[in-house]
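What follows is a set of notes on a single structure, which appears directly below.
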Amino acid sequence: MKVAPDQAALPRAAGHVRARGLVDPARLRDLVSRRRAHALGIAGTDVAALVLAGVLSAIGAKVADLPYAPAGWTLLYIVLVVFFTAVRGGYRFRLESSPFDQLGHVLISATICATFVLAARVITGPGDTVGGETIRLWGLACGFLASTRFAGSVARQHARRRGLHTLIVGAGAVGQVVARRLYERPEWGMKPVGFLDKEPREVDEDLGIGVVGASWDLERVVREHGVDLVIVTFSTAPHAVLLSLVRRCRALGVEVSVVPRLFEEVSNRVLVEHLGGVPLLRVDQVDPRGWQFEVKYLLDRLLGIAGLMVLSPILLSVALAVRLSSPGPILFRQLRVGLDGHQFEMLKFRTMRLAGDDEEDGHSLEGVRAPGVPRVDRRTAVGRFLRRWSIDELPQVINLARGDMSLIGPRPERVDFVPAFAERVYRYGDRHRVKSGLTGWSQVQGLRGDVPLADRVEWDNYYVENWSPWLDLKILVLTVPAVLSGRGAQ
């Protein structure tokens, strides 16, 4: 039996690690070179996109016999965009490389720098044509930057599927959730190799990994498993031991990420302040009752009214197909629970034949999975097609126009299921802080149909706590491939 070393003897700083000869210079050099290559690669594609924008802007203006920005101002614009993007952290290494998150950095930089160049040109010389010249350059720059950033992010996600070997500190509930998420999302590029925990809980066998050691085994585990990343979750280890472990990881050339305490209250709106040397994380929470959501809901109703007019030919055609497919009503009506527990009648096209006397019409509430699949498959041929492409959801534009639902938000659940879910699923009731949606963050993540309900709730609450117009736009764009893929459609 291995005896745990005295905690006081554990190294408490990177300097102690170096003194003990535990530093791996090769791994440190590799870590630095990976970060530098990442930054230079993205900055290089940005420069190429900006140069191409400048060249095409000049060529197009010559062909159309229009004035174009002098080469000196174009060069200044390119330098400013790259510099401003770097200052805002646009070239930093990120574990989760979303194409849409990358676009925000570069497009804001391109716009601010274009405004600066425009102002500088107006101040320093005649300004009769500088507006058109700068706007053309800015428009082309935004287009090329968006294209190269999106393509580069997709390429990096594909390349990283081989996985950064990831060690998780803490085999408790949070540590196992982290491991499960990494398995479910190979595009994030993190492959769990095991847990580090002195007093672990029972590990779920479905994860396919186990406890590979305790804190004093860090160097051995890093060496044997080729660990690239360590994620520190929660464990029974004292503060000094965890702090020492983080510093040892850095000395070994290993990336470190930490799950914060009270992580349920941490959103994208985190401001780091300091009281002396003590950091404070101040979180500006989204207010679901604020004016931003009032505007959002007003736009939803206007979109619902416009959608009814635009989609009316399709709605009438589908209604006729449903009527001819089998006897019964055209629309399926069901009470659902939305904002603040409000009950409303959600509309869909009927996709199933009516239940016979010997058939059950219900869903099981047993287990922890969402009741998305009925016990008896009574879908018609037309109904299967409608569900495959989510066309059965189109009548919900009526719910949108009524104000019962929002275009984007958590999907509503049946009235008779909500009380049981509120008791069984952690933070289930929190998702009712906003209106239910036609599409949502969990749906575009593939969490449709027969999936663990806790996963849906986790993503739904993420949406509520990190809401922004940009996130809504991201969900709208991601809804298209989600519908076309048919993933999770029942």
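The values are calculated or read from the model by the stated rules, or taken from the named source; none is laboratory data. No experiment lies behind these values; they were computed from the predicted model shown. We place every Cβ from the backbone using ideal geometry, glycine too, and count neighbours over all the protein chains shown.
Would you check which residues across the range 167-177 are crowded, with 22+ Cβ neighbours inside 10 Å and under 20 Å from the mean Cα position of the chain (by Cα) and list them?
Within the range 167-177, Gly175, Gln176 meet the criteria.
Would you mind telling me which numbered condition in (1) in contact with a Cys (Cβ under 7 Å, 6 or more places away or on another chain); (2) small (Gly, Ala, Ser); (3) surrounded by fewer than 13 Cβ atoms within 10 Å (Cβ to Cβ) Ala110 fails?
Answer for Ala110: the failing condition is (3).
For the subset of the range 151-204 comprising residues that are of a type in the set (Val, Ile, Thr) and touching a Gly at 6+ places or on another chain (Cβ under 7 Å), which member is farthest from Val258 (Cα to Cα)?
Result: Val203.
So Phe144 fits all but one of (1) among the aromatic types (Phe, Trp, Tyr); (2) under 22 Å from His38 (Cα atoms); (3) out of contact with any helix residue (DSSP H, G or I) (no Cβ under 8 Å at 6 or more places or on another chain); what number is the exception?
Single failed check for Phe144: (3).
Looking at this structure, is Leu164 farther than 24 Å from Leu447 by Cβ, out of contact with any Ser or Thr (no Cβ under 8 Å at 6 or more places or on another chain) and at pLDDT below 90?
Taking the combined requirement at face value, the residue satisfies it.
Looking only at the range 416-447, which residues are assigned to a loop (DSSP other than H, G, I, E, B) and of a type outside the set (Gly, Ala, Ser)?
Across the range 416-447, the qualifying residues are Asp416, Phe417, Val425, Tyr426, Arg427, Val434, Lys435, Gln445, Leu447.
A quick yes/no check of all residues on (1) within 29 Å of the chain's Cα centre (by Cα); (2) free of Cβ contacts under 8 Å to residues at least 12 places away in the same chain:
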residue: Ala179; (1), (2): yes, no
residue: Leu182; (1), (2): yes, no
residue: Arg185; (1), (2): yes, yes
residue: Gly189; (1), (2): yes, no
residue: Val193; (1), (2): yes, no
residue: Lys198; (1), (2): no, no
residue: Ser215; (1), (2): no, no
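Which of (1) at pLDDT 80 or above; (2) farther than 21 Å from Tyr91 by Cα is the odd one out, the single condition Gly125 does not satisfy?
Answer for Gly125: the failing condition is (1).
Go over the candidates Asp450, Asp404, Asp455 one by one and state the one that is part of a helix (DSSP H, G or I), acidic (Asp, Glu) and either modelled with pLDDT under 90 or surrounded by 19 or more Cβ atoms within 10 Å (Cβ to Cβ) (or both).
Asp455
Need pairs with beta-carbon distance below 8 Å; first residue within 21 Å of Ala119 (Cβ to Cβ) and within the range 60-78, second of a type in the set (S, T, N, Q) and assigned to a helix (DSSP H, G or I); sequence gap 6+ or separate chains.
Correct list of pairs: Tyr68/Ser57; Ala69/Ser57; Ala69/Thr134; Thr74/Ser57.
So, Leu438, is that one more than 20 Å from Val177 (Cα to Cα), surrounded by fewer than 17 Cβ atoms within 10 Å (Cβ to Cβ) and not β-branched (Val, Ile, Thr) or not?
no
Residues are listed down the side, and each one gets a yes or a no for (1) surrounded by 12 or more Cβ atoms within 10 Å (Cβ to Cβ); (2) more than 35 Å from the chain's Cα centre (by Cα); (3) in the same structural domain as Arg448 (by TED's automatic domain parsing); (4) at pLDDT below 95:
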residue: Leu299; (1), (2), (3), (4): yes, no, yes, no
residue: Arg323; (1), (2), (3), (4): yes, yes, yes, yes
residue: Ser326; (1), (2), (3), (4): yes, yes, yes, yes
residue: Pro329; (1), (2), (3), (4): no, yes, yes, yes
residue: Glu360; (1), (2), (3), (4): no, yes, no, yes
residue: Gly372; (1), (2), (3), (4): yes, no, yes, yes
residue: Arg379; (1), (2), (3), (4): yes, no, yes, yes
residue: Phe385; (1), (2), (3), (4): yes, no, yes, yes
residue: Ile391; (1), (2), (3), (4): yes, no, yes, yes
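For the range 235-252, which positions are part of a loop (DSSP other than H, G, I, E, B), buried (at least 20 other Cβ atoms within 10 Å of the Cβ) and not polar (S, T, N, Q)?
Ala237, Leu252, listed by residue number.
Taking the options Val295, Val318, name whichever one is free of Cβ contacts under 8 Å to residues at least 24 places away in the same chain and either hydrophobic (A, V, I, L, M, F, W, C) or assigned to a helix (DSSP H, G or I) (or both).
Val295
Please find, among Asp460, Asp416, the residue that is in contact with a helix residue (DSSP H, G or I) (Cβ under 7 Å, 6 or more places away or on another chain), in the same structural domain as Trp389 (by TED's automatic domain parsing) and not polar (S, T, N, Q).
After applying the criteria, what remains is Asp460.
Would a scan of the range 427-440 turn up a residue that is within 13 Å of the chain's Cα centre (by Cα) and closer than 25 Å to Arg384 by Cβ?
Taking every residue of the range 427-440 in turn, at least one turns out to be within 13 Å of the chain's Cα centre (by Cα) and closer than 25 Å to Arg384 by Cβ.
For (1) farther than 20 Å from Phe349 by Cα; (2) in contact (Cβ under 8 Å) with a residue 60 or more places away in the chain, each residue gets a yes or a no:
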{"position": "Val397", "(1), (2)": "no, yes"}
{"position": "Met405", "(1), (2)": "no, yes"}
{"position": "Gly409", "(1), (2)": "yes, no"}
{"position": "Val415", "(1), (2)": "no, yes"}
{"position": "Thr439", "(1), (2)": "no, no"}
{"position": "Gln443", "(1), (2)": "no, no"}
{"position": "Tyr463", "(1), (2)": "yes, no"}
{"position": "Trp467", "(1), (2)": "yes, yes"}
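Every residue in the range 221-249 that is free of Cβ contacts under 8 Å to residues at least 24 places away in the same chain and closer than 24 Å to Tyr183 by Cα, please.
Arg223, Glu224, Val246, listed by residue number.
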